[in-house]
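All remarks here apply to the structure that follows.
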Amino acid sequence: MAMRKLLLLLKPFDVYSPPHGASPQILHHLDSRRKVHLETIKFCQAILQKKPVEWKALERNDLSHPINDVDLVVTVGGDGTLLQASHFMDDRIPILGVNSDPTRNDEVERFNDEFDATRSTGRLCAATVENFELVLNGILEGQTAPSKLTRISISVNTHQLPTYALNDILVAHPCPAALSAFSFRIRKENRPCSPLVNCRSSGLRVSAAAGSTAAMHSAGGFLMPILSQDLQYMVREPILPGPLLNLMHGVIKHDQVMNITWSCKEGVIYVDGYHVNYTIQDGDTVDISNRAPILKVFLPNQLLISAL
C-alpha cells in the first residue's frame, strides 16, 4: 500500500514542567529534555517536508477520535506516546515510534547521587533522529513491513470495552491500600482449564508480550517474545494463597479466556497505565483475552532479532 497521508503525533511539552523546589541541576536537565524533544520534532518535520506525502501534526492530548484517515502514524516522544496512539487505532494502520529523547547512560551515571536522569526508554520505537529518514524511506518504499503485536481485549458483563491494551491492564481497588477480592478461572471454548481461584490481594495484572518488560517484569514476571500471542497474568501480593500459590502467576494461552468475578464494592480496570480506566463493582464479570485487533508496529531490529 502506498503511503500518502501521515499523522505526526507529538508528545506535549508540559511533561517537562519542573517540580516545586527543583534544584538548578534538575531544572537544567528538564530544559535540556524539552529542547532535545523540540529539536527532534523539527527534524522529523523537515524530513517529511522532503517526502512525497501529505502530513499533519497533532499533540497526543488533542487526540479524541479514532485514527482512520491516514496511511501511517508516526509518534514523536516515547513508548507512552505510542501507547496513547494505539488506543485510537485498529488493525489497518501501521505505527512508527520515534524516540525523541533517548536516555544517555553517561548522564545517568553522572547524576546518580543527585536525581534520576533517565530520559525516554522507547523500547517500541524503531527510530531516533539518527535513523529516522532511513527507517521512513524503507517504509515509504515498501521495503519494511510492520510486525503484528497482540493486544488485550476486555469485556465487562459481556460488554466489550472500546480500548485495547498493548502493554498491560491492572484490575484493582481504586485505593492502593485497600483489599481487592475477586475470583478467576481460565477457560477454553467454555471448558475450564483451571480450578476456580479465589483471591484476596492487591489486584490482578495481565500483560501482553509488548508489556512483559514493564510492570510485569518488575514484579517478577518473565519476558515474553515480542510476537507471542499469549498473555501473562499475575496476582499482586496474594494473601494466604495456600495450595493455589502456583496459580497466582501464569499464562493465558492464545486460545483461552480468563473469566473474573469482582467481589468488592469498588474496582477499576486500568488500561496501559492510569489515564484510561473503567470502573467496576461487586458482582461484575470481566473477561480477558487476546481477541483484540492486532496492532501493526514497525519495531526496532533488536526486538525482532530477540523474537527469533
Task: Residue list for region 134-173, filter: over 30 Å from Pro52 (Cβ atoms) and loosely packed, with under 14 Cβ neighbours inside 10 Å - done: Asn157, Thr158, His159, Gln160, Pro162
Task: Among residues of region 120-137, those that are modelled with pLDDT of 95 or more, part of a loop (DSSP other than H, G, I, E, B) and more than 15 Å from Asn301 (Cα to Cα), counted - done: 1
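Rundown of residues vs (1) farther than 24 Å from Pro293 by Cβ; (2) out of contact with any strand residue (DSSP E or B) (no Cβ under 8 Å at 6 or more places or on another chain), yes/no style:
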site	(1), (2)
Ser17	yes, yes
Gly21	yes, yes
Ile26	yes, yes
Ile41	yes, no
Ile47	yes, yes
Arg60	no, no
Asn68	no, yes
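Given the criteria at pLDDT 95 or above, assigned to a strand (DSSP E or B) and not charged (D, E, K, R), does Leu83 qualify?
Working: at pLDDT 95 or above: yes; assigned to a strand (DSSP E or B): no; not charged (D, E, K, R): yes.
Considered against the rule, which asks whether it is at pLDDT 95 or above, assigned to a strand (DSSP E or B) and not charged (D, E, K, R), Leu83 comes out as no.
State yes or no: is Glu107 in a loop (DSSP other than H, G, I, E, B) and closer than 27 Å to Pro12 by Cα? Walk me through it before giving the result.
Details: in a loop (DSSP other than H, G, I, E, B): no; closer than 27 Å to Pro12 by Cα: yes.
When the stated conditions are applied, Glu107 does not pass them.
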- [ ] Check region 230-238 and report whether any residue there is more than 16 Å from the chain's Cα centre (by Cα), charged (D, E, K, R) and on the phi < 0 side of the Ramachandran plot.
- [x] yes
Open item on the list: So, in region 197-220, how many residues would count as being farther than 14 Å from Tyr233 by Cβ and exposed (fewer than 13 other Cβ atoms within 10 Å of the Cβ)?
Closed with: 1
Task: Residues of region 37-48 that turn out to be out of contact with any Leu (no Cβ under 7 Å at 6 or more places or on another chain) and under 16 Å from Thr81 (Cα atoms), as a count - done: 3
Open item on the list: Consider region 8-45. How many of its residues are in a loop (DSSP other than H, G, I, E, B) and either within 17 Å of Thr103 (Cβ to Cβ) or not assigned by TED's automatic domain parsing to the domain that holds Asn61 (or both)?
Closed with: 1
Task: Failed criterion for Val76 (all others in (1) exposed (fewer than 14 other Cβ atoms within 10 Å of the Cβ); (2) of a type outside the set (D, E, K, R); (3) in contact with a Cys (Cβ under 6 Å, 6 or more places away or on another chain) hold) - done: (1)
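Got at least one residue in region 210-218 being in a strand (DSSP E or B) and without any contact (Cβ under 8 Å) to a residue 12 or more places away in the chain? Talk me through it step by step, then tell me what you get.
Initial filter on region 210-218 (in a strand (DSSP E or B)): none.
Checked region 210-218: no residue is in a strand (DSSP E or B) and without any contact (Cβ under 8 Å) to a residue 12 or more places away in the chain.
Would you point out the residue of region 259-269, among those that are over 15 Å from Ser201 (Cβ atoms) and touching a residue at least 60 places away in the same chain (Cβ under 8 Å), that is surrounded by the fewest Cβ atoms within 10 Å (Cβ to Cβ)?
Start the filter on region 259-269 by keeping residues that are over 15 Å from Ser201 (Cβ atoms), which leaves 259, 265-266, 269.
Of the ones still in play, those that are also touching a residue at least 60 places away in the same chain (Cβ under 8 Å) are 259, 266, 269.
Working: Asn259: 17, Glu266: 15, Ile269: 26.
Here the residue is Glu266.
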Open item on the list: I'd like the full set of residues that are among the basic types (Lys, Arg) and buried (at least 18 other Cβ atoms within 10 Å of the Cβ), limited to region 281-301.
Closed with: Lys296
Open item on the list: I'd like to check something: does region 61-68 contain any residue that is on the phi < 0 side of the Ramachandran plot, in a strand (DSSP E or B) and buried (at least 19 other Cβ atoms within 10 Å of the Cβ)?
Closed with: no
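Is it true that Met224 is surrounded by 19 or more Cβ atoms within 10 Å (Cβ to Cβ), within 23 Å of the chain's Cα centre (by Cα) and assigned to a helix (DSSP H, G or I)? Spell out how you get there, then give the answer.
Working: surrounded by 19 or more Cβ atoms within 10 Å (Cβ to Cβ): yes; within 23 Å of the chain's Cα centre (by Cα): yes; assigned to a helix (DSSP H, G or I): no.
Taking the combined requirement at face value, the residue does not satisfy it.
The values are calculated or read from the model by the stated rules, or taken from the named source; none is laboratory data. Only a predicted model underlies this, so the values are computations on that prediction, with no experimental measurement involved. In this analysis, Cβ positions are derived from the backbone assuming ideal geometry, glycine residues included, and neighbour counts consider all displayed protein chains.
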